[in-house]
Amino acid sequence: MPDQHEDQAASEGPKKISLAEAMKQKLAQKKADQAAQKANPQHASGSGQTVKSQMTKKVNNQRRRTGGS
C-alpha cells in the first residue's frame, strides 16, 4: 500500500514532505533492500564484483632511495 501512495506522489510532481517522512521512506527502502539481499545471497555483494586481493601493494623502499640508516 505505501508503494501506491509513493507512485501517486511521484506522478503529481515534486511534492514537499517533512524530513521525518523522508527518513521513514529511506529506512523502509533500506530494510526492503536488506531483506532482498537476505532472500538472494548470491547478489548480496553488490553488483557481482569479485573481491580483489590486497596483496598487490608496492614495497616501501623509501629507506633505500634516501640512504637512511
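Bear in mind these aren't lab numbers, they're just calculated from the coordinates by the rules spelled out. Note that the coordinates shown come from a computational prediction; the quantities given were computed from them, not determined experimentally. Reconstructed Cβ throughout: ideal geometry from the backbone, glycine too, with neighbour counts over all protein chains shown.
What's the extension gain from Met55 to Asn40 if we count 0.36 nm per residue and subtract their Cα-Cα distance?
2.4 nm
Quick check on packing: order 26-33, 54-61 by the mean number of other C-beta atoms within 10 Å, highest mean leading.
26-33, 54-61
Tell me which lysines have Cα within less than 26 Å of Lys52's Cα, excluding those fewer than 8 residues away on the same chain?
Lys38
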